[in-house]
Amino acid sequence: MILPIGDDNTGRTTAPVVNYALIALNLLVFVFLQGMGTNERFTYAYSTVPEEIATGHDVVTRPRVVEDPLTRERFREPGLEPTPGSVYFTLITSMFMHGGWAHILGNMLFLWIFGDNVEDRLGHLRYLVFYLVCGVIASLAQVFMTVAFGSNPLIPSLGASGAISGVLGGYVLMFPRNRVHVILFRFLTTVPAYVALGLWFLFQFVSGIGLLGGATQESGVAYAAHVGGFIAGLALVKVFAIGRAPAAPRWGSS
């Protein structure tokens, strides 16, 4: 288990206003539109549903009671709500929604730590486009794995994890030796970024393989989106950085 808690911001020269705005927008959507997870109608209307993306058609289902095969506990599963407009728009809307406080706080911690350096290197507008493109590619990776491995295509996915995974991929490629402060197996230590994020990616990849890719949705974690977003970040960050010179050292560590 590895949990980043801070990084070295040496060389950052601009305020990460886009990163701050993305964090604020995620929090605002979760609190005011999702009702901190209680507004099921909004959440199940704007989440990404693999069946909808694969076919291009909106799917509406009724709520039902299901039983956990292991615990035998019965619980209510909400139905899919009508999606206003094109179903493909959910590839964007879903990356600003979350399943609970632990989900959003974990994602925002990673974005807070790693997004500012990437934004500084790419510039504000390029960073925003990079973030959104990685998020869309991550969602498409999850859709592809779901269809390819025959998982339930009606299970929706949501969260900023895919886009943030792209940011992590960009970070490790541009700042591989940056010092990252982490909690590693209950110990506070500092490791290079390639170690911290390499271990993170290895866990995502192994977990995804272990659960057969598309089946990861049923575990509650979209590992295929994490892996797809990270690879997208690795592949695209240098393209987005064309013409951008590395910033001169100025800031200390945080």
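The values are calculated or read from the model by the stated rules, or taken from the named source; none is laboratory data. A quick note: this is a predicted structure, and the numbers were derived from the prediction, not measured. A quick note on method: Cβ atoms are made from the backbone with ideal geometry, for glycine too, and the neighbour counts reach across all protein chains shown.
What's the number of the condition Phe205 fails, among (1) at pLDDT below 95; (2) under 21 Å from Trp101 (Cα atoms); (3) assigned to a helix (DSSP H, G or I)?
Among (1) at pLDDT below 95; (2) under 21 Å from Trp101 (Cα atoms); (3) assigned to a helix (DSSP H, G or I), Phe205 violates only (2).
Restricting to the range 215-232, and then to whatever is buried (at least 18 other Cβ atoms within 10 Å of the Cβ) and over 22 Å from Tyr131 (Cβ atoms), can you tell me which residue is modelled with the highest pLDDT?
Across the range 215-232, the extreme among qualifying residues is Gln217.
Restricting to the range 122-164, what's the tally of residues that are outside any helix (DSSP H, G or I), more than 12 Å from the chain's Cα centre (by Cα) and more than 15 Å from Val49 (Cα to Cα)?
Adding up the residues that qualify gives 2.
Take Val66 and decide whether it is of a type outside the set (Lys, Arg), surrounded by fewer than 13 Cβ atoms within 10 Å (Cβ to Cβ), free of Cβ contacts under 8 Å to residues at least 60 places away in the same chain and assigned to a loop (DSSP other than H, G, I, E, B).
no
Within the range 165-188, track down each residue that is outside any loop (DSSP other than H, G, I, E, B) and either among the aromatic types (Phe, Trp, Tyr) or farther than 14 Å from Val118 by Cβ (or both).
Within the range 165-188, Tyr171, Arg179, His181, Val182, Ile183, Leu184, Phe187, Leu188 meet the criteria.
For the range 93-106, which residues satisfy the criterion of being in contact with a helix residue (DSSP H, G or I) (Cβ under 9 Å, 6 or more places away or on another chain) and either in a loop (DSSP other than H, G, I, E, B) or surrounded by fewer than 20 Cβ atoms within 10 Å (Cβ to Cβ) (or both)?
Thr93, Met97, His98, Gly99, Gly100, Trp101, His103, Gly106
Suppose the filter is out of contact with any Cys (no Cβ under 8 Å at 6 or more places or on another chain) and either on the phi < 0 side of the Ramachandran plot or buried (at least 24 other Cβ atoms within 10 Å of the Cβ) (or both); does Val167 pass it?
No: the conditions fail for Val167.
Among the residues of the range 22-52, count how many are outside any helix (DSSP H, G or I) and surrounded by fewer than 19 Cβ atoms within 10 Å (Cβ to Cβ).
Residues flagged as outside any helix (DSSP H, G or I) and surrounded by fewer than 19 Cβ atoms within 10 Å (Cβ to Cβ) within the range 22-52 amount to 2.
Looking at (1) over 30 Å from His124 (Cβ atoms); (2) loosely packed, with under 14 Cβ neighbours inside 10 Å; (3) among the β-branched types (Val, Ile, Thr), find the lone condition where Val17 falls short.
Result: Val17 fails condition (1) only.
Would you confirm whether or not the range 123-139 contains a residue that is within 24 Å of Val221 (Cβ to Cβ) and in contact with a strand residue (DSSP E or B) (Cβ under 8 Å, 6 or more places away or on another chain)?
Yes, there is a match, as at least one residue in the range 123-139 is within 24 Å of Val221 (Cβ to Cβ) and in contact with a strand residue (DSSP E or B) (Cβ under 8 Å, 6 or more places away or on another chain).
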